Each structure stands twice: as structure tokens, then as C-alpha cells.
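The values are calculated or read from the model by the stated rules, or taken from the named source; none is laboratory data. Model, not experiment: these values are computed from the prediction. Glycine also receives a Cβ, built like all others from the backbone with ideal geometry; neighbour counts cover every protein chain displayed.
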Amino acid sequence: MRLLAAWMTIALAAAAAADRPVEAARTAYLMGTRVTLVARAAGRELATENLESLLQSLEQSEALLSTWRIDTTLGRLNAASPGEPLALDPGLCTTFQKLTSWHERTGGAFDPAVGPLVDAWGIERDPRVPSDAEIRSLLPASRLSAWQFDPVGCTVTRPPRGRLDSGGFGKGAAFDAAVRLRLPADGWLIDLGGQVGAHGQGPFGGWRVGIADPRRRDREAFAVRLITGSLATSGGSERDRRAGVRRIGHILDPRSGQPAPFDGSVVVWHEEGFAADVLSTALYVMGPEAGLRWADREQIAAVYLIRHNNELVIRSSRGWTERVRVGRAIYTGVSGMGRL
Ligand code: ADP
Ligand code: MG
């Protein structure tokens, strides 16, 4: 009898192992960053096929939105003759509507039209400090309101010198496009460097995502378990540059034309990748004081990692704490969350 029971246990374990999804992973270089993809499916072949589909979807998003390359749809929009209305396809028309609405909702802290200012500060190339006069002269062309957008006819008109920058929303949009594939997978995760998105069932019902300590980015401040949706982080990063002794952050306050002074980081969770991406950038610009007030009012799940002397202070919005506590969308896995 005992033997039979032992045999049954082994048989069950084998059945469980056979049922357990297979995980496939790969890395690629896309959107100016290293991307990691993981897919879980019933068999190796399906998991690998899913990885391939995810990668193709990311490549398509890059071809549409990336401003890291010039041969993209957005790149062509940025090269359009000023003053001439251009027709947008339905997808880009919806993107424009969302950009306009987040720009307004964040009081202008998020502005995808900051391109001319990003260039003036040399954020993507050689950092430099533009003069006040230069910044003043660029401000009018660096606002979304300078782009005439007609949501009914779906046309947009580029202002002279105007350049849209997808740095603050492209990764989030790419994640949402991948979700729309509705892959037959047990679950998948995409890490776009600064933005992580998960869909479906992860290992142990969620995916462990480490949040970097802004004082030393190779160190983890805490970790969360991501079940669904996307976590976007905006913060001092390898993309911050120096001009002499001055640090030039890669996120600008579009209202002043100056780099946002906050030097910690902010993480936002949202079911929609686009919103998480936009919001982490906007909350970085607002800084912890104004940002937490705004996030509470707007019921946004956000957490700031603030450097104070040499300490790390963690402050979260109500939306974040509630989610962590009730454990619906994100729940705590690991160290450090006790401090929230
Ligand atoms: P990361 O580049 O690390 O993903 P973000 O998602 O916060 O960080 O996006 C920052 C990028 O967005 C900048 O590198 C720049 O290209 C662009 N950007 C800078 N300031 C703003 C802003 N206020 N609103 C929208 N986009 C911005
Ligand atoms: Mg962002």
C-alpha cells in the first residue's frame, strides 16, 4: 500500500511536470535599449513562436514610433513641411488623441513635443547648456499646442522647427501593441529597460520585478510582484549626461525648458503601458511633493524613491499602497516593501 502511494505521488509529480509551462527567453536591442522577453507556453515550440511574435510586434512599434531612427512614421512626421496638414492613419490618430489628453491632464508636465529642447540640451548626443535666450526662442515650437491636430479629419500640421519625441511614451505604446496580439501563451513579460510589462500568468502567479535604487542603479531598493499591466520607471539613468560639472537630466520640464531638478526616481503602475510610461515621465517632472498630491487626486499608483542626504526615502501614493495591500494588480514579494 505504501509502495502504491509512493508510486502515485511520483506519477502525479510527473504529470504536474508535464503540465508545467515551458519558459523561453531572449534579448534584443530595440528602441535604443536592451530588451528582454520571456514567454511561457505549454510547449517549447509555442513558447519560442510567441517570443518571435512579441519581437516582431516590438519591431513594428519601433518602425512606427521610434525617434531613435529617422525612417519611422514619426520620423517622417518630424521631417514634414511646416504648415502643411498631414493625414494620420487611424492608429496614429488615436495615439495623438491620447498624447493630447495626457498632456492636458498632467498640466503640461508631459509634452511629447519637447524635441527641439531635447536637441538644444544635447540629451541624445553631446550634452550642452543652451543660453536662456536660446531656450526662450525654442519654447513656442516645443509645445504640443504648436502642432495643429484635427481629431475629426485626423490630420496634424507640424510647426516650424517642431519635433515630436517618443522617448516618454514609445515603450509603453509598444507594450500595449504586444498585448493586443492576444498570444496563446500562459504569460509573457517584456522588459524594455525602465519599463516592464506583463501579461497573463507568470511564474507563481506573477513576475518578480526589482526596482533599482537611484543612488546605485545596480542595487535593488525593493521588488514587487507584477501580475498584469506595466511598471514604468523614470529616473536618473545612464542617459543622464554631464556638461562640465553640471548634471543634465534627460527629462525636461517643458514649461521652463530646463531639466527637471528631481534626482531620484519614480515608478508608476498602470494597466495600460502607454499611461504608465507617460505618467512616470510627468511625475518625474512634477517632483515628489506636487507629484504625490496630483497622483492622489488622480488615483494613480506611483512610488517615489527620493535621495535624502545619503538615505533613500520611499513615498507612495494612496493608489500604490492600496494595490500593494489588496494585492490585486501588484503585490509585494520581497524585501523593503515593509517600508511602504
Ligand atoms: P526613459 O527614457 O528612461 O524611458 P522616460 O520614459 O521618462 O525615461 O522618458 C524620457 C524621455 O522622454 C527623454 O529621454 C526625452 O526623449 C523625452 N522627454 C523628456 N522630457 C519629457 C517630457 N517632459 N515629456 C515628454 N517626453 C519627455
Ligand atoms: Mg516614461
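Taking strands (runs of 3 or more DSSP E) as the structural unit, those lying wholly within region 264-324 and holding at least 1 residues that are away from ligand 2 (no atom under 16 Å from the Cβ), in contact (Cβ under 8 Å) with a residue 12 or more places away in the chain and more than 18 Å from residue 252 (Cα to Cα) correspond to 301-308, 311-316. When region 107-136 is filtered for residues that are over 20 Å from residue 281 (Cβ atoms), of a type in the set (Asp, Glu) and in a loop (DSSP other than H, G, I, E, B), only 126 remains. Just to be sure, is residue 151 away from ligand 2 (no atom under 16 Å from the Cβ), at pLDDT below 95, under 30 Å from residue 208 (Cα atoms) and more than 23 Å from the chain's Cα centre (by Cα)? Answer is no for this residue.
It is to be established whether one or more residues within region 188-198 are more than 16 Å from ligand 1 (Cβ to nearest atom), more than 16 Å from the chain's Cα centre (by Cα) and surrounded by 22 or more Cβ atoms within 10 Å (Cβ to Cβ). Yes, some residue in region 188-198 is more than 16 Å from ligand 1 (Cβ to nearest atom), more than 16 Å from the chain's Cα centre (by Cα) and surrounded by 22 or more Cβ atoms within 10 Å (Cβ to Cβ). Taken as a whole, the structure leaves residue 270 outside the set of residues that are near ligand 1 (Cβ under 9 Å from one of its atoms) and crowded, with 18+ Cβ neighbours inside 10 Å.
To keep it simple, each residue is scored yes or no on (1) touching a helix residue (DSSP H, G or I) at 6+ places or on another chain (Cβ under 8 Å); (2) outside any helix (DSSP H, G or I); (3) modelled with pLDDT under 95; (4) surrounded by fewer than 16 Cβ atoms within 10 Å (Cβ to Cβ).
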position	(1), (2), (3), (4)
56	no, no, no, yes
75	no, no, yes, no
91	yes, no, yes, yes
97	no, no, no, yes
103	yes, no, no, no
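Is it the case that residue 139 is outside any loop (DSSP other than H, G, I, E, B), over 28 Å from residue 30 (Cβ atoms), in contact (Cβ under 8 Å) with a residue 12 or more places away in the chain and away from ligand 2 (no atom under 16 Å from the Cβ)? Yes; evaluated as a whole, the condition is true for this residue.
Checked against the criterion of being of a type in the set (Gly, Ala, Ser), under 22 Å from residue 192 (Cα atoms) and in contact with a Ser or Thr (Cβ under 7 Å, 6 or more places away or on another chain), region 54-63 has at least one qualifying residue. Could you list, in sequence order, all residues of region 180-198 that are among the aliphatic types (A, V, I, L, M) and within 16 Å of ligand 2 (Cβ to nearest atom)? Within region 180-198, 190, 192, 196 meet the criteria. Whenever a residue of region 166-182 is over 15 Å from residue 72 (Cα atoms) and in contact (Cβ under 8 Å) with a residue 12 or more places away in the chain, its partners that are more than 8 Å from ligand 1 (Cβ to nearest atom) and of a type in the set (Val, Ile, Thr), lying with C-beta atoms within less than 7 angstrom and at least six residues away or across chains, give the pairs 175/190; 178/190.
When the residues of region 219-234 are filtered to those that are farther than 19 Å from residue 260 by Cβ, in contact with a helix residue (DSSP H, G or I) (Cβ under 8 Å, 6 or more places away or on another chain) and of a type in the set (Val, Ile, Thr), which remaining residue is farthest from ligand 1 (Cβ to nearest atom)? Here the residue is 227.
Has region 204-218 got at least one residue that is at pLDDT below 85 and within 13 Å of ligand 1 (Cβ to nearest atom)? Yes - at least one qualifying residue is present in region 204-218. Within region 144-153, which residues are crowded, with 19+ Cβ neighbours inside 10 Å and assigned to a loop (DSSP other than H, G, I, E, B)? If the condition is that a residue be crowded, with 19+ Cβ neighbours inside 10 Å and assigned to a loop (DSSP other than H, G, I, E, B), then 147 is the only one that fits.
Considering the conditions (1) among the small types (Gly, Ala, Ser); (2) closer than 28 Å to residue 290 by Cα; (3) surrounded by 14 or more Cβ atoms within 10 Å (Cβ to Cβ); (4) over 17 Å from the mean Cα position of the chain (by Cα), residue 109 is excluded by exactly one of them, (4).
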